[in-house]
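A.B. asks: Handing you a structure now.
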Amino acid sequence: MQIRRFFFDKITGFWMVAALVTILLLPVIIGIGLYMKASPIVSQQLFFHLIFSSKWAPSLGEFGFWPFIAGSLYVTFLSFLFTAPVCLLSAIYLTQFSTKQLIRVMHPVIDVLAGLPSVIYGVWGILVIVPFVSRIMAPFFNTTSSGYSILAGGIVLAVMCIPYTLNMLIEVFNTVPKGLREASLSLGATFWELVKHVVIRGNYPGIISAYGLGIAKAFGETIAVMMVVGNVVKISGNPFDAAYPLPALIANNYGEMLSIPMYDSALMFAAFLLLIIILIINLFFRYLIHKTKRQ
């Protein structure tokens with residue numbers, strides 16, 4: 001009996017370690033595969049020239065990825081501006097002020113929103129957000145826009161990321177021990193001081209982690225953003241102008257790669273850039289979490 005138990009323990013431990021190693025190796029394997037496919041274009045042009053060049057003319061052999069990187073960063077930044085306060089305030093209200101009946105209603109709603117396919121958000125963006133931007137927002141700021149713009153992409157992306165980030169913030173705020181709340185109130189703190197100094201300040205690492213994962217998810221979203229952002233290769237600081245994010249470049253042009261030399265390698269390089277940028281975003285937020293934990 002003891003030999004059988006020892007045997008099964010060894011088998012179970014082996015599969016656990018194998019699963020962990022597989023998860024750890026997956027990003028490395030994906031990165032190596034993408035780099036190998038992108039190596040032809042990297043060998044012909046300088047790495048930093050590919051990243052920071054703004055000229056995109058595949059038929060002439062010009063592959064400048066800066067407009068796509070800038071478009072992705074701009075749309076993601078706008079979505080974060082819309083998402084961050086809404087998610088933080090909603091999570092505070094749901095965990096600290098709302099009734100249990102409202103929480104029971106909100107959890108299924110958040111889960112449904114998180115589970116909707118991105119194409120549904122894209123269609124909703126075309127039907128609602130694009131006309132809203134072109135007919136209301138643009139005239140309000142004394143400008144014109146077709147509606148297919150960075151702003152429309154940022155709004156749709158924010159709506160997509162809200163349930164994802166909100167769920168994480170709710171879980172973070174629910175981890176505050178009940179005894180810590182009672183101790184704070186017993187020392188004379190008001191309920192808002194309890195929320196501000198115990199719930200929020202005590203959970204800075206969790207809040208940063210939730211926002212970091214939300215930004216990384218937003219940066220890689222494809223279909224919904226592609227449907228409303230305009231897909232024009234240009235660099236502009238005007239949110240009412242169109243843009244062309246990196247994921248949309250890959251999704252839109254992958255079928256054309258066989259007809260133009262080096263296009264296959266260029267699109268694989270775009271995917272490799274996407275992987276690197278998301279890795280940098282995650283490392284940056286891990287650093288912020290480490291610093292806040294030390295403080």
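Values quoted throughout were computed directly from the atomic coordinates according to the rules given, and no laboratory measurement underlies them. None of these values were measured; they are calculated from a predicted model. Cβ coordinates were reconstructed from backbone atoms using ideal geometry, including for glycine residues, and neighbour counts include every protein chain displayed.
A.B. asks: What size of dipole, in debye to the nearest 20, comes out for region 157-295 about its Cα centre when the only charges are +1 on Lys and Arg C-beta atoms and -1 on Asp and Glu C-beta atoms?
C.D. replies: Result for region 157-295 is approximately 700 debye, rounded to the nearest 20.
A.B. asks: Quick one: length gained pulling PHE7 to TYR93 fully straight, 0.36 nm per residue minus the C-alpha distance?
C.D. replies: Stretched fully, the PHE7-TYR93 segment lengthens by 25.8 nm.
A.B. asks: Using the crude model of +1 on Lys and Arg Cβ and -1 on Asp and Glu Cβ, and no other charge, please compute the dipole size for region 52-294 relative to its Cα centre, in debye to 20.
C.D. replies: It works out to roughly 820 debye.
A.B. asks: If I model a spin label at HIS107 and ALA183 as a point 7 Å from the Cα along the Cα→Cβ vector, what separation in nanometres do I get?
C.D. replies: 2.8
A.B. asks: Whole angstrom only: what separates the Cα centroid of region 126-163 from the Cα centroid of region 200-222?
C.D. replies: One Cα centre to the other: 24 Å.
A.B. asks: Then there's this: Find how much the distance from ILE51 to ILE32 grows on full extension, using 0.36 nm per residue of separation minus their present alpha carbon separation; answer in nm with one decimal.
C.D. replies: 5.0 nm
A.B. asks: Still on this structure: Simple spin-label model, 7 Å along Cα-to-Cβ: LEU127 to LEU20 in nm?
C.D. replies: Between LEU127 and LEU20, the label points sit 4.8 nm apart.
A.B. asks: On a straight-distance basis, which lysines could pair with LYS178 in a cross-link, Cα separation under 25 angstrom, same-chain partners fewer than 8 positions away excluded?
C.D. replies: Within the straight-line cut-off, LYS178 pairs with LYS100, LYS196, LYS293.
A.B. asks: With Cα extents along the principal axes in Å defined as stated, name the option among [x] 53, 46, 38; [y] 54, 41, 34; [z] 71, 70, 35 computed from the structure displayed.
C.D. replies: Looking at Cα extents along the principal axes in Å for this model, the match is [z].
A.B. asks: Now a separate question. Compute the distance in nm between two label points, each set 7 Å from the Cα along the Cα-to-Cβ direction, one at LYS100 and one at SER259.
C.D. replies: Distance between the two pseudo-spin positions: 6.3 nm.
A.B. asks: Using a Förster distance of 25 Å, how high is the FRET efficiency between LEU60 and SER236, based on the Cβ-Cβ distance and rounded to 0.05?
C.D. replies: On the way: r = 23 Å, r/R0 = 0.92.
FRET efficiency, LEU60 to SER236: 0.65.
A.B. asks: Tell me, how many Å apart are the Cα centres for region 1-75 and for region 245-295?
C.D. replies: Their Cα centres are 9 Å away from one another.
A.B. asks: So how do 240-250, 164-174 stack up, highest first, on mean other-Cβ count within 10 Å?
C.D. replies: So the order, starting with the most tightly packed, is 240-250, 164-174.
A.B. asks: Quote the relative contact order of the chain in percent (integer), defining contacts as alpha-carbon pairs under 8 Å separated by 6+ residues.
C.D. replies: 27
A.B. asks: Where does each of 84-90, 277-283 land if you order them by average Cβ count within 10 Å, highest first? List each step's numbers first, then the result.
C.D. replies: On the way: 84-90: 16.3, 277-283: 14.6.
Put in order of decreasing packing, that is 84-90, 277-283.
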